[in-house]
Structures are given as C-alpha cells and as structure tokens.
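Here's the structure we're looking at; comments come further down.
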Amino acid sequence: MSEKELLKLIINDVDRRGIKIKKSIQNETKVFSDSFFENFIDLTYKLGKLNKDSNLPNPDITYKEESWYLLIYFFQTFEYEPNTLYYHFLKFTALNLDKLISNYGAKFMIQLFMNFEENAITGLFKIPKNDELYNFITTKFKNIPENNIISNTQIVLMINKLKNKLNNKTQTKKNKG
C-alpha cells in the first residue's frame, strides 16, 4: 500500500469514526470501542515504516492537501478533562502499553508521543480516582512521579520503565543461558 493510500485511510477513519467518538466523549455517552485509537496507531506505524528518514510519517506526503502532521491536531484540546478525545487516547495507550510496545516497538511509541508534545497536542490530565486508569497506573507504575496524572511525558516514562524491565529480563535470560 502506498503512503497516500495509508494517509487516506487514516483521514477517512478520523472523518468517519473520529468525529462521532469525539462527540460521544464530550457528551459523556461513550458509545465507541478503542479500535479507533488502535487503528490510528497501527496505520501511523505502517505509514511511518515507509519513511526512510524517521519512524513517523513523511511530512511531505499529503492527501487532498492534508498531511498526517496536520491531521493530528484533531486530537488537540485546551480543556484538560477526562471527557476529551486526547484523554481517552492517552488512557487507551497506557492501558495497552505492553501490547503496543510489543507490536510497534518502544522507539516508535516514544517518537509518536514526543511528536504530539512538540506539536502542542498535550496536557496534564488529572485521572479521576474512580477511573480504571487511576488504579492501573498507581499500582503498575507506582514509582513514576505524579502517577495520578496522564500526559505524553507520563506515557514516555511508562514506556521507558517497561522497556527497562524487558531489557533486564532479556539480560537475565542471557546470563542463565
């Protein structure tokens, strides 16, 4: 599949499902599955693999004058509340981080969230105590500072912690072998 075709798929998914999901979240009806976020990351990864200079999509590739780098502003918010699309994207990522790192690699995931940060698609979202994410992060990532918030930086810290655990397990297996 070409870069333009992959970009077209991402744009169409944002237009088709993304807008509905964003409205659903804002209206607090959450009538969606996380497959939108999963598909966005998957197609972004595939698009990035075609770029020889980076793990992220080529900024020069456009479809109907829109690039991936313009498209990501769809996630941007200026309200740092749980009823925003970006909060749910960060939540999805945190809860599925093991699987995402396994599928796409830590380097890609770090670059993805650093890119969001660099493009002002960011924020510090306080996690409500009754949200499943609160218990997950405060239990699994209790050594991360301010683990009652979720942000791009927190995702990167979590990736690095998981990456270090994975590296330690690999080294231990090598030492035993």
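Pairs only if they're at least six apart or on different chains, beta carbon under 6 angstrom, first in the range 86-108 and closer than 17 Å to Ser54 by Cα, second of a type in the set (Lys, Arg) and assigned to a helix (DSSP H, G or I); list them, first residue then second.
The qualifying pairs are Ala106/Lys163.
In the list Ile144, Ile127, which residue meets the criterion of being among the β-branched types (Val, Ile, Thr), more than 17 Å from Phe40 (Cα to Cα), in contact with a helix residue (DSSP H, G or I) (Cβ under 8 Å, 6 or more places away or on another chain) and crowded, with 18+ Cβ neighbours inside 10 Å? Write out each step before concluding.
Working: Ile144 fails: crowded, with 18+ Cβ neighbours inside 10 Å.
Among Ile144, Ile127, only Ile127 is among the β-branched types (Val, Ile, Thr), more than 17 Å from Phe40 (Cα to Cα), in contact with a helix residue (DSSP H, G or I) (Cβ under 8 Å, 6 or more places away or on another chain) and crowded, with 18+ Cβ neighbours inside 10 Å.
Which one is farthest from the chain's Cα centre (by Cα), of the residues in the range 102-156 that are in a helix (DSSP H, G or I) and of a type in the set (Gly, Ala, Ser)? Write out each step before concluding.
Quick first cut of the range 102-156, residues in a helix (DSSP H, G or I) only: 102-104, 106-118, 132-140, 152-156.
With of a type in the set (Gly, Ala, Ser) added as a condition, the list becomes 102, 106.
Values: Ser102: 14, Ala106: 12 Å.
Among those residues, the one meeting the criterion is Ser102.
For Leu157, only one of the following conditions fails: (1) at pLDDT 90 or above; (2) buried (at least 16 other Cβ atoms within 10 Å of the Cβ); (3) touching a Leu at 6+ places or on another chain (Cβ under 8 Å). What is its number?
The failed condition is (3).
When you check Asn115 against the structure, is it over 21 Å from Phe74 (Cα atoms) and either exposed (fewer than 15 other Cβ atoms within 10 Å of the Cβ) or not aromatic (Phe, Trp, Tyr) (or both), yes or no? Before the answer, list the steps.
On the way: over 21 Å from Phe74 (Cα atoms): no; either exposed (fewer than 15 other Cβ atoms within 10 Å of the Cβ) or not aromatic (Phe, Trp, Tyr) (or both): yes.
So Asn115 does not fit the description; no.
So Asn58 passes all but one of these: (1) more than 21 Å from Met158 (Cβ to Cβ); (2) within 11 Å of the chain's Cα centre (by Cα); (3) of a type in the set (S, T, N, Q). Which condition number does it fail?
(2)
Considering only the range 62-74, I want to know if a residue exists there that is farther than 15 Å from Ile150 by Cα and of a type in the set (Lys, Arg). First the steps, then the outcome.
From the range 62-74, those farther than 15 Å from Ile150 by Cα are 62-74; that's our starting set.
Subsequent filtering for residues that are of a type in the set (Lys, Arg) retains 64.
Yes; the residues of the range 62-74 include at least one that is farther than 15 Å from Ile150 by Cα and of a type in the set (Lys, Arg).
The values are calculated or read from the model by the stated rules, or taken from the named source; none is laboratory data. For clarity, every value in this text was computed on a predicted model and none was experimentally measured. Positions of Cβ are backbone-derived with ideal geometry, glycine not excepted, and every protein chain shown enters the neighbour counts.
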